[in-house]
Amino acid sequence: MTVEDYLSEVIQRDGVAHITLIDPASQKPEESVRLAVAAAEGGTDAIMLGGSTDAGGYLLDMTAKMIKEKVKLPIILFPGNTTGFTTSADCVLFMSLLNSRDPNYIVGNQVQGAFTLYKVGMESIPMAYLVCEPGGTVGWVGDAKILPRKKPELAAAYALTGKYFGMRYTYLEAGSGADAPLPPEMIGTVKHVLKDSILIVGGGIRDGKSAAICAKAGADIIVTGTVIEKADNAKALTAEIVQGAKAGKKA
Ligand SMILES: CC(C)=CCC/C(C)=C/CC/C(C)=C/CC/C(C)=C/COP(=O)(O)OP(=O)(O)O
Ligand SMILES: O=P(O)(O)OC[C@@H](O)CO
Ligand SMILES: [Mg+2]
């Protein structure tokens with residue numbers, strides 16, 4: 001089964017899926033494996049690997065291989081540039097930062113990576129990546145024209161543009177470690193125009209309650225990274241966030 005079909009099944013079954021983001025550059029591969037195992041035990045649905053600085057290469061490759069040995073969940077690449085590719089994963093989010101001012105993040109990195117992807121034949125999912133306020137490191141690195149939280153219709157216009165380009169996923173990003181998750185009004189406005197297209201929401205989600213709010217507002221997939229990397233008990237916190245999201249969707 002493709003990763004895309006697997007995630008669609010999870011969303012069909014539970015209303016929402018949860019993905020754990022691990023930045024291979026933030027810790028040694030052994031520590032990333034420990035986090036991935038804890039997240040899997042806590043009920044996450046997939047592992048995503050990526051970072052906006054020092055995005056890939058040897059550490060990414062080692063981390064993906066070692067996680068694959070211990071965790072049965074799909075490993076999805078979330079590349080900051082072409083170094084974010086490794087054949088040791090199952091799928092890549094082939095994304096365009098649509099609200100970037102830098103053509104390299106809209107299409108340039110993708111052109112550089114296209115033939116690698118063609119030759120290895122890895123599954124890829126076309127995705128509109130939209131960086132919203134505050135935007136964090138990725139907003140700076142990706143030279144984004146940050147989408148204001150109080151103007152959800154601007155984010156919705158970008159999301160529709162991605163959809164009309166044929167992108168099946170849209171990722172509404174507040175930036176890793178954002179003080180607060182994106183407002184439900186923004187998530188709801190974007191999901192309203194996307195209809196059946198998949199909406200990922202991430203950045204600043206730290207507990208079950210905020211995961212529930214994002215899911216109820218319209219997120220199909222919730223991503224958490226920073227909190228899990230910093231948690232004393234990554235398994236328990238993942239379980240709280242996963243259960244919060246899934247219960248929130250049904251509420
Ligand atoms: C498809 C290909 C080959 C490349 C895509 C290139 C694009 C569009 C990149 C977008 C801009 C960018 C730098 C994205 C990185 C996304 C990412 C992995 C962010 C999250 O990483 P964390 O480690 O949580 O946070 P940091 O930002 O602190 O690293
Ligand atoms: O690290 P956090 O704040 O959970 O953000 C996750 C993800 O949206 C970052 O790309
Ligand atoms: Mg990082």
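Only one of the numbered conditions (1) open to solvent by 20 Å² or more (accessible area, probe 1.4 Å); (2) among the aliphatic types (A, V, I, L, M); (3) over 15 Å from the mean Cα position of the chain (by Cα) is not met by residue 95, and that is (3). Counting only helices (runs of 4 or more DSSP H) that sit completely within the stretch 100-183, those holding 2 or more residues that are away from ligand 1 (no atom under 12 Å from the Cβ), modelled with pLDDT of 95 or more and surrounded by 15 or more Cβ atoms within 10 Å (Cβ to Cβ) correspond to 152-165. Restricted to the stretch 208-243, and to residues there that are over 17 Å from the mean Cα position of the chain (by Cα) and among the acidic types (Asp, Glu), the residue that is modelled with the lowest pLDDT is 232. Each residue in the stretch 204-230 was checked for being more than 17 Å from residue 21 (Cα to Cα) and either in contact (Cβ under 8 Å) with a residue 40 or more places away in the chain or assigned to a loop (DSSP other than H, G, I, E, B) (or both), and 2 pass. On inspection, residue 177 passes the criterion of being without any contact (Cβ under 8 Å) to a residue 60 or more places away in the chain and within 25 Å of residue 80 (Cα to Cα).
Conditions (1) more than 16 Å from ligand 3 (Cβ to nearest atom); (2) surrounded by fewer than 18 Cβ atoms within 10 Å (Cβ to Cβ); (3) at pLDDT 95 or above, marked per residue:
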| residue | (1), (2), (3) |
| --- | --- |
| 36 | no, no, yes |
| 47 | no, no, yes |
| 53 | no, yes, no |
| 71 | yes, no, yes |
| 82 | yes, yes, no |
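The values are calculated or read from the model by the stated rules, or taken from the named source; none is laboratory data. Since the model is a prediction, treat every value here as computed from it, not as a measurement. Positions of Cβ are generated from backbone atoms using ideal geometry, with glycine treated the same way; all protein chains shown enter the neighbour counts. The protein model used for the area step is the full one, side chains on, heavy atoms only, and it has no ligands, DNA or RNA in it. Shrake-Rupley method; radii C 1.70, N 1.55, O 1.52, S 1.80 Å.
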